[in-house]
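Report on one structure; see the data block that follows.
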C-alpha cells in the first residue's frame, strides 16, 4: 500500500511538472503571428489554447471534454457533471483570442462506471482523481513528443485503462502513440481505437 501511494505521488508530481511544460507554450503564445497565414495551423494552435485553458481550470474535469477547432469555431463535445460546468467550458473557450464562435455539444451526465460485479455506480473522488491524473500524464507525453499528433488524440481513463481515439496519418504514428501511453506512469492497459485519416 505504501509503495502504491509513493508511486501515485511520484506520478502526480511528474504530471504537474510535465503539464506545466506542455501547457506554457500554448498559454503564452499570444504573439505568434506566423500562425495567422495558415488556417490549419491556426486552428490547431487555437485548439491547443482552448484545451490548455480547460485543463488548467480547477473547476472542470477537462478529461471528459473533447475540443476541436475548425475555421476558428471551437467545438466542445463529451460530458460534464452539471449545467454550470457546461456553461463554464463554453465561456472559457469563447474567451480565447482568435475563437470566433463556440458550438457547445457537451452533455450533462454524472460520471458513473460498472464495478467488478457489473453494478453501475458513481465514481468516487479518489477513483476520478487517479484516472484524471493518468489522463493528464498521457496527454502531456503526447503533446511534448513532436512525432505524435497529441492534439488529434482523445484520451480517456477508467480504472487505469486508457482508451485512445482520434485520427492520425500513419500506422507508425499509431504505434508511437500507443507506446507513449503504455509507458506512462499509472497506465494499467491501453485500448487502441485510433484510426487512419481517410
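Every condition in (1) touching a residue at least 40 places away in the same chain (Cβ under 8 Å); (2) touching a helix residue (DSSP H, G or I) at 6+ places or on another chain (Cβ under 6 Å) holds for residue 166 except the one numbered (1).
Based on what the data block shows, is residue 41 over 15 Å from the mean Cα position of the chain (by Cα), outside any loop (DSSP other than H, G, I, E, B), at pLDDT 85 or above and loosely packed, with under 14 Cβ neighbours inside 10 Å? Here the answer is yes, as residue 41 does meet what is asked. Do you know which of the residues in the range 166-184 that are modelled with pLDDT of 90 or more and surrounded by 15 or more Cβ atoms within 10 Å (Cβ to Cβ) is farthest from residue 129 (Cα to Cα)? Within the range 166-184, the match that is farthest from residue 129 (Cα to Cα) is 173.
For the range 146-165, name all the residues that are part of a loop (DSSP other than H, G, I, E, B) and either surrounded by 15 or more Cβ atoms within 10 Å (Cβ to Cβ) or at positive phi (or both). Hits for the range 146-165 are 148, 149, 159, 160. When we screen 13, 70 for residues that are modelled with pLDDT under 90 and either outside the structural domain of residue 130 (by TED's automatic domain parsing) or surrounded by 14 or more Cβ atoms within 10 Å (Cβ to Cβ) (or both), the only hit is 13.
The values are calculated or read from the model by the stated rules, or taken from the named source; none is laboratory data. Small disclaimer: the values here were computed from a predicted structure and weren't measured. Neighbour counts run over all protein chains shown; Cβ positions are idealised from the backbone, glycine included.
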